[in-house]
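A.B. asks: Got a structure for you, questions after.
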Amino acid sequence: MTKTFGRIKADLRSGAASCESITMEYLGSAESGRRYNAFLSLFAEKAVARAREIDRKLKAGTAGPLAGMVVAVKDVISLKGERVTCGSKILEDFVAPYDATVIERLIAADAVIIGKTNMDEFAMGSSTENSAFGRTKLPQDEDRVPGGSSGGSAVAVKAGMCTTALGTDTGGSIRQPASFTGVVGLKPTYGRVSRYGLVAFASSFDQIGPFALTARDAATVLRVIAGRDERDATSADVPVPDYEKALTGDVRGVTIGIPKEYYGEALDPAIRAGVEKGIEALKAGGAKVREVSLPHTDYTIAAYYILATAEASSNLARYDGARYGYRAKDVRDLTEMYTRSRSEGFGAEVKRRIMLGTYVLSAGYYDAYYRKGQKVRRLIQNDFLEAFKSVDCLVTPTSPSTAFKAGEKIDDPLQMYLSDIYTTSANLAGIPGISIPCGADKQGLPIGLQILGKHFDEATILRVADFLETCNM
Amino acid sequence: MVTVKDVEHIAKLARLEFSEEEKQKFTHQLNRILEYVEKLNQLDTATVEPLSHVIDLQNRMRDDVVRPGLTAEEALMNAPAKTDKFFKVPKTVKGEEGG
């Protein structure tokens, strides 16, 4: 069942559906689509019981703003009493002792949580092949990947297994799978959404955001999950607007920048054509379009992989087999416990990034790599701040290719990293970005168009995304 | 250039261990990635301030009051091994048997 939340609310009002019947339909789709391996756990009984409770609230007129919405959650976000595996063997049996702030807020707004979705281990990957629990498949072509690392959440929305889903985006892990599967994926501004209860990968980059069928549904979810949380010191004390009100259905008076560096030779011609069609639609809608330059674009992947792996090597030091997670058997002393638990518990890509991160932070290399990376991060952020002096948002492709074949890049880490070439910049600069479907290539694989906005201005990129959806591309 | 010996050293720092075959593969892959990130040296950043935090944030103090946190049982619920109210790990101090 692929229904927008607006449609669901209408069905609830007319009596054509109940929260219970909607939840049952999604559970049916999740069951019949098991082969995609989108979910790592499904909460069938709990979800139905919760839906019945919400139906009673609807009758009594006391239901929250998300009544009727069924949400899937990436398995890197804590839901009390349920496993949170991060797609890793090292956390295979880990049960969350508390709820993440985003979960608390969704539940308080009367959303139903249907299950936890598959992902690249610790959100490290661009294909959802790096999961200890098997890869997630693209519904349109099962030999292909759905992108990553939030591939399970993207597929759950695409295949009608939920209304919306939560993912996380450290270098493109919401936007790129949204692009590959053909749904909407929003990475909010760094600090917009609390990370409390999110298992850390790279703390200065990680951000939680929604997948949805429409920009409007993404806006609805963002409004509920966004805002200051005293349990996350990096969550920003910036007012959260009513994002749905910003969706005016037009783009008159909006100035859109086209960063020329994002349209280079690496770009697939079909994707270029798709995105250019989107730009034409914006012009026809009354937006002003002008070319801008982000001169340090070519350095984003290098800076990103230095800084993100450094933060990861530090964050993942906590998996030592002592207090939680996998512990190797028959260890004689502490060092052996640490070393064997980690070596047996982590997968290859996670080890590779811990190694790279440890190297760039190690004595003698810190200045050459880590500090250099931080300086280049400043230059990249400055590029955006400069561009945003003359434009309201930027339009680019989300990914240089459409969904690739499983196995195609798994043995070539650098090629895999380069598939994030248009997305890591937003995480380096801390700005929000959204990917929306924008036609298909010759094989029918979805093309994603990315809109990047100013810090804390999700409203504008949602407005532009919402307008483009009406253009029927 | 990272050598197999460097990889062994980094692995030790990261508390990871690898087979000989994995060490070879990692050495090769790390070198490819490091070669790629070398491009950052094309940029003159002598006068650039490093960016460690992307939005303006100030430290916010709160009153130092006791608030409920995890109970000992909750904190121990995922422990691979425990005894009473403690995490249990292999012996850390070398000494006499049973000491």
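The values are calculated or read from the model by the stated rules, or taken from the named source; none is laboratory data. Note that the coordinates shown come from a computational prediction; the quantities given were computed from them, not determined experimentally. All Cβ positions, even for glycine, are placed from backbone atoms using ideal geometry, and neighbour counts span all protein chains on display. Only protein heavy atoms, including side chains, enter the accessible area calculation; ligands, DNA and RNA are left aside. Shrake-Rupley method; radii C 1.70, N 1.55, O 1.52, S 1.80 Å.
A.B. asks: What number do you get for chain B when its Cα radius of gyration is normalised by 2.2 N^0.38 Å, N = residues?
C.D. replies: 1.86
A.B. asks: Residues with amide H under 5 Å of residue A:440's amide H, sequence separation 5 or more or different chain, H placed in the peptide plane at 1.01 Å from N; which?
C.D. replies: Distant-sequence amide H within range of residue A:440: A:447.
A.B. asks: When ligands, DNA and RNA are left out and all protein chains stay put, how many square angstrom of accessible area per residue does region A:5-246 have with a 1.4 Å probe?
C.D. replies: 29 Å²
A.B. asks: Return, ordered by residue number, the residues of region A:136-154 whose backbone nitrogen is under 14 Å from a label point located 7 Å along Cα→Cβ of residue A:35.
C.D. replies: Only A:137-144 pass the distance filter.
A.B. asks: Give, as ranges by residue number, the residues of region A:392-432 whose backbone N falls under 12 Å from the point 7 Å along Cα→Cβ of residue B:38.
C.D. replies: Taking a point 7 Å out along Cα→Cβ of residue B:38, no residue of region A:392-432 has its backbone N under 12 Å.
A.B. asks: Also, quick follow-up: Report the residue, chosen from B:27, B:47, B:71, that carries the largest GNM mean-square fluctuation when chain B is represented by alpha-carbon nodes joined by springs under 10 Å.
C.D. replies: Of B:27, B:47, B:71, the Gaussian network model singles out B:71 as fluctuating most.
A.B. asks: Related question: What is the ratio of the Cα radius of gyration of region A:312-396 to 2.2 N^0.38 Å, with N the residue count, to two decimals?
C.D. replies: 1.63
A.B. asks: Also, quick follow-up: Apply the Karplus curve 6.51 cos²θ - 1.76 cosθ + 1.60, θ = phi - 60°, to the phi angles in region A:183-198 and return the couplings in whole Hz, x for Gly and Pro.
C.D. replies: Taking θ as phi minus 60°, the curve returns 10, 8, x, 10, 9, x, 4, 4, x, 6, 10, 4, 9, 4, x, 8 Hz for region A:183-198.
A.B. asks: Step through the residues of region A:84-96 one at a time and calculate ³J(HN,Hα) from phi using the Karplus curve (6.51 cos²θ - 1.76 cosθ + 1.60, θ = phi - 60°), rounding each to whole Hz and writing x for Gly and Pro.
C.D. replies: For region A:84-96, the Karplus curve yields 10, 8, 6, x, 10, 5, 5, 10, 3, 10, 6, 10, 5 Hz.
A.B. asks: Per q in 0.17, 0.19, 0.28 Å⁻¹, report the Debye log10 I(q)/I(0) for region A:94-138, using one uniform scatterer on each alpha carbon and no solvent.
C.D. replies: -0.67, -0.77, -0.95
A.B. asks: Then there's this: Give, as a single signed number, the net charge of other residues whose beta carbon lies under 11 Å from the beta carbon of residue A:82, with Lys and Arg counted +1 and Asp and Glu -1.
C.D. replies: Charge balance in the 11 Å sphere: +2.
A.B. asks: May I ask you to give the average projected area over all directions of the convex hull of the Cα atoms of region A:5-246, in nm² rounded to one decimal?
C.D. replies: 11.9 nm²
A.B. asks: Same structure again: Read phi for every residue in region A:437-454 and hand back ³J(HN,Hα) as whole Hz from Karplus 6.51 cos²θ - 1.76 cosθ + 1.60, θ = phi - 60°, with x for Gly and Pro.
C.D. replies: Computed from phi, the couplings for region A:437-454 are x, 8, x, 9, 7, 4, 8, x, 7, x, 10, x, 10, 9, 10, 10, x, 6 Hz.
A.B. asks: Once ligands and nucleic acids are excluded and a 1.4 Å probe is used, how much of residue A:371 is accessible, expressed in Å² to the nearest 10?
C.D. replies: The value for residue A:371 is about 100 Å².
A.B. asks: Just counting partner chain Cβ atoms within 10 Å, what average do the residues of peptide A:295-303 show around their Cβ?
C.D. replies: Neighbouring Cβ atoms belonging to other protein chains average 3 per residue here.
A.B. asks: Let me ask something else. Given 0.36 nm per residue, what is the gain on full extension from residue A:245 to residue A:142 after removing their alpha carbon distance, in nm?
C.D. replies: Taking 0.36 nm per residue and subtracting the Cα distance, the gain is 33.2 nm.
A.B. asks: Can you give me the long-range amide H partners of residue A:166? Hydrogens built in the peptide plane at 1.01 Å from N, cutoff under 5 Å, separation of 5 or more residues or another chain.
C.D. replies: So residue A:166 has HN proximity to A:72, A:73, A:74, A:211.
A.B. asks: Still on this model: Return the value, in Å² to the nearest 100, of accessible area buried between chains A and B (probe 1.4 Å, both sides summed).
C.D. replies: Counting both chains, the buried surface is close to 5500 Å².
A.B. asks: Moving on to the next point. According to the Cα gyration tensor, what semi-axes, each the square root of 5 times an eigenvalue, does the equivalent ellipsoid of region A:194-334 have, listed from largest to smallest in whole Å?
C.D. replies: For region A:194-334, the ellipsoid semi-axes come out as 39, 24, 14 Å.
A.B. asks: State the Cα centre-to-centre distance between region A:25-61 and region A:122-141 in whole Å.
C.D. replies: Region A:25-61 and region A:122-141 have Cα centres spaced 23 Å from each other.
A.B. asks: Indicate, rounded to the nearest 5 percent, the antiparallel portion of the DSSP beta bridges found entirely in chain A.
C.D. replies: Counting DSSP beta bridges with both partners in chain A, the antiparallel share is about 65 percent.
A.B. asks: Using only Cα atoms, locate the centre of region B:15-81 and the centre of region A:369-419, then give the distance between them in Å, rounded to an integer.
C.D. replies: 19 Å
A.B. asks: Could you give me the percent of Cα pairs per 10 Å distance bin for chain A, shortest bin first, beginning at zero and ending with the bin that holds the maximum distance?
C.D. replies: Calculated over all Cα pairs of chain A, the distribution is 5, 22, 33, 27, 11, 3, 0, 0 percent.
A.B. asks: Compare each residue of region A:80-103 in its chain alone against the assembly with all protein chains, and report those whose accessible area goes down by 10 Å² or more; 1.4 Å probe, heavy atoms.
C.D. replies: Relative to the lone chain, where solvent access is computed with a 1.4 Å probe, region A:80-103 loses at least 10 Å² at A:80, A:94, A:95, A:97, A:98.
A.B. asks: For a quick check of your reading of the filter: which GluC sites (Glu not before Pro) in region A:367-472 sit in a DSSP loop and have no more than 13 other Cβ atoms within 10 Å?
C.D. replies: none
A.B. asks: On to the next question. How much length would be gained if the chain were fully extended between residue A:443 and residue A:365, taking 0.36 nm per residue of separation minus their Cα-Cα distance, in nm to one decimal?
C.D. replies: Taking residue A:443 through residue A:365 to full extension adds about 23.5 nm, to one decimal.
A.B. asks: For region A:300-354, just run the numbers: alpha carbon Rg, then divide by 2.2 N^0.38 Å, N being how many residues it has.
C.D. replies: 1.29
A.B. asks: In addition: With a ≥ b ≥ c taken as the square roots of the eigenvalues of the C-alpha gyration tensor of region A:86-160, please select rounded if a/c is under 1.5 and otherwise prolate if a/b is larger than b/c or oblate if it is not?
C.D. replies: oblate
A.B. asks: Which whole-number percent of Cα pairs in region A:123-224 have a distance greater than 19 Å?
C.D. replies: When all Cα pairs of region A:123-224 are counted, 36 percent exceed 19 Å.
A.B. asks: Ignoring ligands, DNA and RNA, how do A:179, B:52 rank by accessible area with a 1.4 Å probe, largest first?
C.D. replies: B:52, A:179
A.B. asks: Would you mind checking which residues have amide H under 5 Å from residue A:194's amide H? H placed 1.01 Å from N; only 5 or more apart, or other chain.
C.D. replies: Sorted by chain and number, the residues that satisfy this are A:227.
A.B. asks: Hey, can you find the accessible area per residue of region A:302-367 for me, probe 1.4 Å, expressed in square angstrom?
C.D. replies: 35 Å²
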